[in-house]
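Asks: Sharing a structure with you now.
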Amino acid sequence: MGVATLAKIKSAASIGLEPILIDVEVDISNGLPSFLIVGLPDKAVDEARERVRAAIKNSNVQFPTRKITVNLAPADIKKEGPAYDLPIAIGLLLASEQIYPPENSLFLGELALNGDVRPITGAILFASLAQHQGIKTLYVPAANAAEAALISGIEVIPADNLINLIAHLRREKNIASQPPASLDPQSALLIDSAFDLKHVAGQEHAKRALEIAAAGRHNILMSGPPGSGKTMLAKGLITILPPLNITEALEVTKIHSISGLADPGQPLVWIRPFRSPHHTASAVAITGGGNWPKPGEISLAHQGVLFMDELPEFPRSVLDALRQPLEDRIVYISRAAMTTSFPANFMLVAAQNPCPCGYFGDPQKPCKCSAGQILNYQKRVSGPLLDRIDLHIHVPRISYEKLTGIGEYESSAAIRDRVISTWSIQQQRFSGSRTASNSEMNTEQVKQYCILTEDSHRLMRAAVDKMNLSGRGVNRTLKVARTIADLAKSPQVTAAHIAEALSYRLQG
Ligand SMILES: Nc1ncnc2c1ncn2[C@@H]1O[C@H](COP(=O)(O)OP(=O)(O)OP(=O)(O)O)[C@@H](O)[C@H]1O
Ligand SMILES: [Mg+2]
């Protein structure tokens with residue numbers, strides 16, 4: 001062996017959803033045997049030394065007993081996690097002239113002590129980085145290969161263990177490259193039929209409101225006694241939303257991948273996410289964050305639904321933290337060393353009982369709560385948050401006859417067809433702007449697109465006086481009315497549309 005050898009292997013890290021190229025430099029020189037990793041590694045990277053040493057020893061290759069220095073560059077980015085094990089091991093074997101990996105390749109993977117290559121998070125992000133950087137071959141853990149192959153134009157080599165990978169790099173035993181993934185949207189229609197709205201008896205009013213919510217991507221709050229079907233209705237929302245398009249599917253897949261939620265068998269997320277965090281979940285779990293920022297529930301619900309059951313039970317701090325992302329559809333996370341952001345364009349579906357016992361306002365069952373208790377309960381959700389919810393509906397208990405009757409109810413597929421039509425109306429309306437749905441219209445757009453008839457003007461004016469509607473309240477009502485008009489394929493917003501939109505503000 002020479003006096004000093006330097007090897008350089010490409011790897012990658014990510015800050016939030018932004019992937020960055022990392023150079024793993026391995027220097028082997030004469031001196032007392034040692035193994036040092038520099039370049040802002042965290043503890044998991046530091047522990048790579050032990051994993052790499054054991055994995056190499058267990059893979060029928062030599063671990064050089066010389067002075068080894070590994071540098072992870074650029075040095076100003078903190079390196080997290082065990083994904084550098086494989087590039088470090090490959091760098092070591094190159095520096096000690098035991099293998100010669102091809103130029104223009106990128107390595108990712110954690111090593112087990114026996115040399116198995118373990119999965120990492122964010123494979124799709126790194127594959128798209130490789131694509132942008134013109135990298136030819138990507139070596140990834142076998143469990144991440146299908147996900148990496150969602151990105152075209154790069155060769156993906158699945159590595160299951162170090163021995164096989166070494167044999168492949170020595171051209172002794174070939175590993176077949178991962179075939180490109182199919183991006184066929186048909187599977188999007190395989191939505192669990194258990195949540196089909198046809199299973200919900202009665203509740204026509206709530207179903208109508210859900211259809212409006214889905215049509216214009218409005219937030220909705222359902223209030224009603226226990227067991228009236230609120231959770232059932234919320235879960236049904238996913239079944240009436242249009243399928244994700246490929247751009248959205250890739251966005252959602254990236255967020256899920258970085259969170260470790262990717263499914264190796266079905267790497268592309270085709271079904272709109274439905275997330276329902278429990279009210280005991282921490283603020284970080286819901287909005288995102290942590291030392292190494294990870295997406296929270298609101299980002300996992302990106303392009304889908306965030307269901308907050310028992311809304312008043314969530315801590316006030318969590319509810320208030322939702323206000324900014326609800327407005328901006330993106331969440332900013334600041335940490336000492338960095339600021340990052342995650343997309344958070346979700347529909348909020350909230351459910352609550354009207355009071356702690358749940359029966360306030362029920363025509364039959366008496367409510368056991370005191371007036372003070374009821375007020376306290378309802379006050380837990382702040383006005384500004386409620387103001388961001390366009391549709392407020394009451395979901396009453398339904399009669400035994402209705403529940404057990406043999407009524408036929410409209411299927412989710414039929415409702416979804418109408419929702420899809422309104423989405424294409426909105427797509428045309430907002431083409432060229434950053435707005436995607438009626439609920440996202442700015443004041444200017446509300447003026448431009450909510451053209452009222454004389455009757456509807458009169459009705460709106462009367463409502464402002466009687467209901468003390470705020471400026472925001474007026475705008476929100478007009479947006480909902482626009483969606484109702486779109487469902488009716490009406491270019492104008494008529495008095496009937498306004499009246500229905502107002503009815504969703506009155507209750508709740
Ligand atoms: N309208 C309905 N049609 C058919 N089944 C219903 C209906 N309402 C309630 N159910 C039945 O009752 C169960 C409970 O409903 P669900 O969990 O949706 O109620 P909820 O309103 O969310 O109650 P809670 O306030 O306690 O959370 C459902 O799983 C379903 O079996
Ligand atoms: Mg419920």
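The values are calculated or read from the model by the stated rules, or taken from the named source; none is laboratory data. The structure presented is a predicted model; accordingly, all values stated were derived computationally and were not measured. Cβ sites come from the backbone with ideal geometry, for glycine too, and all protein chains shown count toward neighbours.
Asks: Among the residues of the range 387-407, is any within 16 Å of ligand 2 (Cβ to nearest atom), at pLDDT 85 or above, in a strand (DSSP E or B) and not aromatic (Phe, Trp, Tyr)?
Replies: Within the range 387-407 (the criterion being within 16 Å of ligand 2 (Cβ to nearest atom), at pLDDT 85 or above, in a strand (DSSP E or B) and not aromatic (Phe, Trp, Tyr)), the answer is yes, since at least one residue qualifies.
Results for (1) over 22 Å from residue 477 (Cα atoms); (2) loosely packed, with under 15 Cβ neighbours inside 10 Å, shown as yes or no for each residue.
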| site | (1), (2) |
| --- | --- |
| 395 | no, no |
| 405 | yes, yes |
| 413 | yes, no |
| 424 | no, yes |
| 438 | no, no |
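Asks: In the range 433-464, which residues are among the hydrophobic types (A, V, I, L, M, F, W, C) and assigned to a loop (DSSP other than H, G, I, E, B)? Write out each step before concluding.
Replies: Pass one, the range 433-464, residues among the hydrophobic types (A, V, I, L, M, F, W, C): 436, 441, 446, 450-452, 459-460, 462-464.
Correct list: 436, 441, 450, 451.
Asks: Any residue in the range 479-489 that is without any contact (Cβ under 8 Å) to a residue 60 or more places away in the chain and part of a helix (DSSP H, G or I)?
Replies: Step one: list which residues in the range 479-489 are without any contact (Cβ under 8 Å) to a residue 60 or more places away in the chain, which gives 481, 485, 488.
Now narrow it down to the ones that are part of a helix (DSSP H, G or I): 481, 485.
Checked against the condition, which is being without any contact (Cβ under 8 Å) to a residue 60 or more places away in the chain and part of a helix (DSSP H, G or I), the range 479-489 yields at least one hit.
Asks: Quick one: which of 135, 120 is in contact with a Lys or Arg (Cβ under 8 Å, 6 or more places away or on another chain) and crowded, with 17+ Cβ neighbours inside 10 Å?
Replies: On the way: 120 fails: in contact with a Lys or Arg (Cβ under 8 Å, 6 or more places away or on another chain).
One residue alone meets the criteria, 135.
Asks: Another question, then. Can you go through 326, 391 and tell me which one is more than 26 Å from residue 280 (Cβ to Cβ) and in contact with a strand residue (DSSP E or B) (Cβ under 8 Å, 6 or more places away or on another chain)? Don't jump to the end; show me each part of the working.
Replies: Working: 326 fails: more than 26 Å from residue 280 (Cβ to Cβ).
That would be 391, the only listed residue that is more than 26 Å from residue 280 (Cβ to Cβ) and in contact with a strand residue (DSSP E or B) (Cβ under 8 Å, 6 or more places away or on another chain).
Asks: Would you pick out the residues in the range 329-361 that are hydrophobic (A, V, I, L, M, F, W, C) and within 16 Å of ligand 2 (Cβ to nearest atom)? Outline the logic, then answer.
Replies: Quick first cut of the range 329-361, residues hydrophobic (A, V, I, L, M, F, W, C) only: 330-331, 333, 336-338, 342, 344, 346-351, 355, 357, 360.
Matches in the range 329-361: 348, 349, 350, 351, 355, 357.
Asks: Further question on the same structure: What's the total number of residues in the range 177-222 that are modelled with pLDDT under 95, closer than 30 Å to residue 140 by Cα and small (Gly, Ala, Ser)?
Replies: Total satisfying the criteria: 4.
Asks: Let me ask you something else. Restricting attention to the range 287-332, which residues are away from ligand 1 (no atom under 16 Å from the Cβ), part of a helix (DSSP H, G or I) and hydrophobic (A, V, I, L, M, F, W, C)?
Replies: Correct list: 298, 300, 318, 319, 321, 326.
Asks: Among the listed residues 64, 74, 87, which satisfies the condition of being under 30 Å from residue 32 (Cα atoms), surrounded by 19 or more Cβ atoms within 10 Å (Cβ to Cβ) and at pLDDT below 95?
Replies: On the way: 74 fails: surrounded by 19 or more Cβ atoms within 10 Å (Cβ to Cβ); 87 fails: at pLDDT below 95.
Just a single option satisfies the conditions, and that option is 64.
Asks: Another question about this same structure. Would you pick out the residues in the range 143-160 that are surrounded by fewer than 21 Cβ atoms within 10 Å (Cβ to Cβ) and of a type outside the set (Asp, Glu)? Step through it out loud before you land on a result.
Replies: If we filter the range 143-160 for residues that are surrounded by fewer than 21 Cβ atoms within 10 Å (Cβ to Cβ), which is where we start, we get 143, 152-153, 155, 160.
Result: 143, 152, 153.
Asks: Tell me, which residue of the range 440-459 that is in contact (Cβ under 8 Å) with a residue 40 or more places away in the chain and of a type in the set (Asp, Glu) is surrounded by the most Cβ atoms within 10 Å (Cβ to Cβ)? Steps first, answer last, please.
Replies: Let us first name the residues in the range 440-459 that are in contact (Cβ under 8 Å) with a residue 40 or more places away in the chain, namely 440-441, 450-453, 455-456, 459.
Those left that are additionally of a type in the set (Asp, Glu): 440, 455.
Numbers: 440: 17, 455: 13.
Taking the candidates together, the pick is 440.
Asks: I'd like the residue in the range 211-242 that is within 15 Å of residue 389 (Cβ to Cβ) and touching a Gly at 6+ places or on another chain (Cβ under 7 Å) and, out of all such residues, is nearest to ligand 1 (Cβ to nearest atom).
Replies: 230
Asks: Would you point out the residue of the range 13-53, among those that are exposed (fewer than 13 other Cβ atoms within 10 Å of the Cβ) and closer than 29 Å to residue 288 by Cβ, that is nearest to the chain's Cα centre (by Cα)?
Replies: Residue satisfying both the conditions and the ranking: 18.
Residues checked against (1) more than 13 Å from ligand 1 (Cβ to nearest atom); (2) closer than 16 Å to residue 310 by Cα; (3) in contact with a Phe, Trp or Tyr (Cβ under 8 Å, 6 or more places away or on another chain):
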residue: 351; (1), (2), (3): no, yes, yes
residue: 356; (1), (2), (3): no, yes, yes
residue: 359; (1), (2), (3): no, yes, no
residue: 363; (1), (2), (3): yes, no, no
residue: 404; (1), (2), (3): no, no, no
residue: 409; (1), (2), (3): no, no, no
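Asks: If I filter the range 254-271 for residues that are within 16 Å of ligand 2 (Cβ to nearest atom) and more than 18 Å from residue 326 (Cβ to Cβ), do I get at least one hit?
Replies: We begin by selecting, within the range 254-271, every residue within 16 Å of ligand 2 (Cβ to nearest atom); these are none.
Looking through the range 254-271, none of the residues is within 16 Å of ligand 2 (Cβ to nearest atom) and more than 18 Å from residue 326 (Cβ to Cβ).
Asks: Quick one: count up the residues across the range 250-285 that are closer than 21 Å to residue 18 by Cα and in contact with a Phe, Trp or Tyr (Cβ under 8 Å, 6 or more places away or on another chain).
Replies: 1
Asks: Exactly one condition in (1) under 26 Å from residue 436 (Cβ atoms); (2) crowded, with 17+ Cβ neighbours inside 10 Å is false for residue 324; which is it?
Replies: (2)
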